[in-house]
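Colleague: Next up is a structure, given as structure tokens.
The values are calculated or read from the model by the stated rules, or taken from the named source; none is laboratory data. The model shown is predicted, which means the values in this text are computed figures rather than measured ones. Neighbour counts run over all protein chains shown; Cβ positions are idealised from the backbone, glycine included.
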Amino acid sequence: MPDPVDTPGLSELPLDDLVACHECDLLMSKPVLAHGEKALCPRCGYELYAHRYNVVQRSLALVIAALLLYVPANFLPIMQLNLLGQSSQDTVWSGVVGLFNSDMQSVSVIVFLCSMGIPLLKLLCQLVVLLSIRFDIGRSYGLLLYRIYHHLRDWGMLEVYLMGVLVAIVKLADMAAMTVGLGLACFIGLLLVQVLLEVVMSPHQIWQALSGEDVHAGD
């Protein structure tokens, strides 16, 4: 786990050989990493980047798993409520439709984008990026889509929606008979897969592979 070297002659090095810490802005020379190693900032200990095994193959598997979970997570019942002899099943999609029909169109659009639209767009961007690296085609489009993906990262808020669902379950537990649906399990699975994907899909290796610098990104 080598640390980058902070050398006094940084101005003489080309930009491609330099790296700046995202946390403390320390400028240092970029180390060459072997598989399984990661570079840490010598000042604050922040992980600058890592060189992970089989980045493309593992990331592709996770993206496909997330896409398979996407439909049941959003369209299968998250929970079923039974109150005074009446029952209702709630899904993510039915929540968006309910807000729209309740004259809260702007809120429904925001909920749709943050819980369904942007997460799906992020997954599709990641899929195309990984396929462009895997089959060595359309890498210029892959670069564009990877930039778009980074701009979308802060807008997909599945964890916020999940917290809202959990709070609603706790509050309604004493008011009505409630059954947790399969959609909630799929939603939690989708969230966990996306978190793992963020860890596995090393940005440093993806950028290098898209620019043609790292031919071993999929090793």
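Colleague: With (1) in a helix (DSSP H, G or I); (2) small (Gly, Ala, Ser); (3) over 21 Å from Ala50 (Cβ atoms) as the list, and Gly156 as the residue in question, which single condition is left unmet?
Modeller: (1)
Colleague: Could I ask something else about it? Touching a Cys at 6+ places or on another chain (Cβ under 7 Å) and closer than 27 Å to Val56 by Cα: is that true of Gly142 in this structure?
Modeller: Values: touching a Cys at 6+ places or on another chain (Cβ under 7 Å): no; closer than 27 Å to Val56 by Cα: yes.
Considered against the rule, which asks whether it is touching a Cys at 6+ places or on another chain (Cβ under 7 Å) and closer than 27 Å to Val56 by Cα, Gly142 comes out as no.
Colleague: Also, quick follow-up: How many residues are without any contact (Cβ under 8 Å) to a residue 12 or more places away in the chain and buried (at least 16 other Cβ atoms within 10 Å of the Cβ) if we restrict to the stretch 139-167?
Modeller: 0
Results for (1) of a type outside the set (A, V, I, L, M); (2) in contact (Cβ under 8 Å) with a residue 24 or more places away in the chain, shown as yes or no for each residue.
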| residue | (1), (2) |
| --- | --- |
| Val32 | no, no |
| Glu37 | yes, yes |
| Gly45 | yes, no |
| His51 | yes, yes |
| Asn54 | yes, yes |
| Leu60 | no, yes |
| Tyr70 | yes, yes |
| Asn74 | yes, yes |
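Colleague: Can you go through Val160, Val195 and tell me which one is at pLDDT below 80, of a type in the set (A, V, I, L, M) and within 14 Å of the chain's Cα centre (by Cα)?
Modeller: Details: Val195 fails: at pLDDT below 80.
Exactly one of Val160, Val195 is at pLDDT below 80, of a type in the set (A, V, I, L, M) and within 14 Å of the chain's Cα centre (by Cα), namely Val160.
Colleague: Continuing with the same structure: Considering only the stretch 52-66, I want to know if a residue exists there that is farther than 23 Å from Val167 by Cα and touching a His at 6+ places or on another chain (Cβ under 7 Å).
Modeller: Applying the first criterion (farther than 23 Å from Val167 by Cα) to the stretch 52-66 yields 52-66.
Checking the rest, the ones that are also touching a His at 6+ places or on another chain (Cβ under 7 Å) come to 53.
Scanning the stretch 52-66, I find at least one residue that is farther than 23 Å from Val167 by Cα and touching a His at 6+ places or on another chain (Cβ under 7 Å), so the answer is yes.
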